[in-house]
Amino acid sequence: MTTTLTEALHQHARSHPKSVAFQVGEDVWTYQRLVHEVERLARGLVGHGLGNGSRVALHMANVPELAVAFCACFEIGAIAAPLNTRLKSAELRPLLQRLGPALYIGQADLYRRVAATDASIVPWNARFIAGGAADDPWTQGLTRLLEDGAAGPAKAEPEPDAPALLLTTSGTTGQPKFVTHTQATLTAVIESVRHLGLDGTQTAAIALPLTHGFGLFLFLACLRFGVPVVLLERFDPDAVLDAIERHRCTWLPGVPAMFGALLERQQARTRNVRSLKVCLSSGDICPPRLQEQFATVFGTRLRSFWGATEAAGCLTYGSEPGPVSCIVEGAEVRLIDDSGAPVPRGEVGELAVRGPNVTIGYWAGPGLIEDAPHDGWFRTGDLMRQDANDDLWFVSRKKDLIISGGLNISPAEIERVLTAHPAVRDAAVVGVPDPALGQRVAGFVEMERGTRGIILKEILAGVTVLLADYKVPERLEVVDAIPRNGLGKIDRKSLLAKISESKSSDAGWIASI
């Protein structure tokens, strides 16, 4: 029988009470302490009237109270709904309105973005602040909830197939959706991480926000398998490198932009990071050049790791640099065409996955789940190609695929070629609507610091040698930074808007380089 996270925590607390579950700065949390605080908060939540199906909005950075709140929700069958800490008031209000939380737990510096929210959305008596008071008469300290639960009623019993976790999508094409995981699917996601060799002998450094799937799933897996975590409240490359050196961390997950910043700071001031054994990059394409530079400086490989909030755990990193993945043993994976039929090996198809780790759909309200996977198969929207060794090579997001003159063009392929140039730090490619061709290719590059004497024509010349003419960007522009959303993915919508704003001043669309 599969062990749930809650069961695993109690087992660890009984068998290894003094073992470190995680630490934030100098604040060390053993399994004994963690379970004790989870039980206190669970009783407090039940005492406040929460139970199965109650939504709890969690609005915190990577602080201990966030970890405790997640586990307490799982303990009583409440639905944990973490909020992106980068969202502003105007973005949070519609999310909270759709969520209808029974209770809000946040931090003082983040709560100001929620303070004006109407009581019909977040009740006045259900706003709790962790780690210090907020300048608001309606909030209460989280300690009050803990005190109320000191001798509270027995905990509620969670239902394994009911919603337990709501994670928001990036929302770059509209309102974010609530990806729904149950206790059962979350347990399957956590168990799938076992293939990475987590056995308690590692030490993980996690600076990814626990309000997003990648960071949360790996953090919970570490708790499940007894791997101590050095948890950083927010990402700061120097703080991460210092933590790796001090605690001899062996495990490090992140997004490509984070690893790029770590590379730069390690080159600026060397730390002893030779303890690192596994570094996983997910969330977006990891440029092969970054992988190569990282391996040279850090002495270990930077592995490209595919994952989706809806279906984490089906694929693992490939055997070579680049956007390549291997299928996890036992996972059900297909590459299909638009009709759902499998495509021949070597041809591009949409990745579809099925298994106990796959979301049940998107939460639309109590008892309302939309877009449930058909026959259990979740269509990821990622286009891939399977080679003779069964490895899967990422081609493009289906929605990002550029179709010009009837030809399919992968933005990711062009971005890899652009970032291979030593002067290019980051790159993004978009398809711009065109009445004749359907779309034309436009590119943006972020230059390396201190770059001198490099012109765009030289960069394009390198692209022309490596790619077919129809893939070469007809427009290339230098930007201060490639815009990315809260999940680290390229914000192509804002780049298209940038082109739209500048088109009015162009005599024709094809700009001179």
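The values are calculated or read from the model by the stated rules, or taken from the named source; none is laboratory data. Everything quoted here is computed from the prediction, not taken from an experiment. Reconstructed Cβ throughout: ideal geometry from the backbone, glycine too, with neighbour counts over all protein chains shown.
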Failed criterion for Leu220 (all others in (1) surrounded by fewer than 20 Cβ atoms within 10 Å (Cβ to Cβ); (2) assigned to a helix (DSSP H, G or I); (3) out of contact with any strand residue (DSSP E or B) (no Cβ under 9 Å at 6 or more places or on another chain) hold): (1)
Pairs with Cβ under 6 Å, 6+ apart, first in segment 284-302 and in contact (Cβ under 8 Å) with a residue 60 or more places away in the chain and outside the structural domain of Arg425 (by TED's automatic domain parsing), second assigned to a helix (DSSP H, G or I) and among the polar types (S, T, N, Q): Pro287/Thr419; Arg289/Thr419
Count of segment 25-58 residues which are basic (Lys, Arg) and in contact with a strand residue (DSSP E or B) (Cβ under 6 Å, 6 or more places away or on another chain): 1
Near pairs, Cβ below 8 angstrom, 6+ apart or cross-chain, from segment 96-110 (part of a strand (DSSP E or B)) to any residue that is of a type in the set (Ser, Thr, Tyr): Leu103/Ser54
Segment 94-110: number of residues that are among the small types (Gly, Ala, Ser) and either touching a Phe, Trp or Tyr at 6+ places or on another chain (Cβ under 6 Å) or more than 17 Å from Ala78 (Cβ to Cβ) (or both): 1
Criterion violated by Ile414 - all others in (1) crowded, with 21+ Cβ neighbours inside 10 Å; (2) part of a strand (DSSP E or B); (3) not hydroxyl-bearing (Ser, Thr, Tyr) satisfied: (2)
Near pairs, Cβ below 7 angstrom, 6+ apart or cross-chain, from segment 466-483 (in a loop (DSSP other than H, G, I, E, B)) to any residue that is basic (Lys, Arg): Glu474/Arg440
Residues being within 24 Å of Leu167 (Cα to Cα) and either surrounded by 23 or more Cβ atoms within 10 Å (Cβ to Cβ) or basic (Lys, Arg) (or both) - total across segment 22-34: 1
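For (1) in contact with a strand residue (DSSP E or B) (Cβ under 7 Å, 6 or more places away or on another chain); (2) closer than 30 Å to Glu446 by Cβ; (3) touching a residue at least 40 places away in the same chain (Cβ under 8 Å), each residue gets a yes or a no:
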| site | (1), (2), (3) |
| --- | --- |
| Val333 | yes, no, yes |
| Ser339 | no, no, no |
| Val348 | yes, yes, yes |
| Asn357 | no, no, yes |
| Ala388 | no, no, yes |
| Val395 | yes, yes, yes |
| Ala420 | no, yes, yes |
| Val424 | yes, yes, no |
Restricting segment 71-112 to residues that are farther than 22 Å from Pro158 by Cα and charged (D, E, K, R), the residue that is surrounded by the fewest Cβ atoms within 10 Å (Cβ to Cβ): Lys88
Test: residue in segment 443-453 that is surrounded by 14 or more Cβ atoms within 10 Å (Cβ to Cβ), in contact (Cβ under 8 Å) with a residue 60 or more places away in the chain and aliphatic (A, V, I, L, M): no
Lone unmet requirement of (1) free of Cβ contacts under 8 Å to residues at least 40 places away in the same chain; (2) not assigned by TED's automatic domain parsing to the domain that holds Gln293 for Leu196: (1)
Residues being within 23 Å of the chain's Cα centre (by Cα) and assigned to a loop (DSSP other than H, G, I, E, B) - total across segment 263-304: 10
Matching option when the condition is in a helix (DSSP H, G or I) and of a type in the set (Gly, Ala, Ser), among Ala90, Ala81: Ala90
Every residue from segment 18-47 that is out of contact with any Gly (no Cβ under 7 Å at 6 or more places or on another chain) and more than 23 Å from Glu147 (Cα to Cα): Lys18, Val20, Ala21, Phe22, Gln23, Val24, Gly25, Glu26
Test: residue in segment 205-213 that is surrounded by fewer than 19 Cβ atoms within 10 Å (Cβ to Cβ) and in a loop (DSSP other than H, G, I, E, B): no
